[in-house]
Amino acid sequence: MLLSLVYVSSAIRLFDDQELHNLLEECRERNARLGITGMLLYKDGNFMQVLEGEDQTVRDLAHDIERDRRHKNFTVLVEEPIDHREFSNWTMAFNNLDHPGEMDIPGYSRFLNERLEPQVMGEGSMGLLLTFREHN
């Protein structure tokens, strides 16, 4: 059974471009090995990520990510069985929303410009991620 899991978290400190690049490479390598697909968004020290794959593999990976000391306030927004992958061609797509001019990019959403609060974000999270998939 396939599972889709979306979470948000906050970095313990802001990541610079090189640190984000290193994180992305680490995610892509690990995800390819585990058969995980998804997308990672970063804005103002906050992360949103969708993970897709075999149920237990996704749950184990989410547990490992939650324990990662580079971030805090790990909060699952969506966790649901899926029939097919929405990000099947991406071991980890990535968007850094901290760059100037972001409002001009297709798929821009004010969603990550607001305070990350789970009760507000749950329902809109997958729509945002899918919008970025379509325009990147």
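Brief remarks follow.
- Identification of helices (runs of 4 or more DSSP H) wholly contained in region 24-136 with 1 or more residues that are at pLDDT 85 or above and under 14 Å from the mean Cα position of the chain (by Cα) yields 55-67.
- Residue within region 73-93 that is surrounded by fewer than 19 Cβ atoms within 10 Å (Cβ to Cβ), among the small types (Gly, Ala, Ser) and in contact with a Phe, Trp or Tyr (Cβ under 8 Å, 6 or more places away or on another chain) present: no
- Qualifying positions in region 8-18 - modelled with pLDDT under 90 and not hydrophobic (A, V, I, L, M, F, W, C): ASP16, ASP17, GLN18
- Per-region count, region 25-60, residues open to solvent by less than 20 Å² (accessible area, probe 1.4 Å) and closer than 19 Å to ASN89 by Cβ: 14
The values are calculated or read from the model by the stated rules, or taken from the named source; none is laboratory data. The structure displayed is predicted, hence computed values, not measured ones. Backbone-built Cβ (ideal geometry, glycine too); neighbour counts: all protein chains shown. Keep in mind that these areas ignore ligands, DNA and RNA; they rest on the heavy atoms of the full protein, side chains included. Shrake-Rupley method; radii C 1.70, N 1.55, O 1.52, S 1.80 Å.
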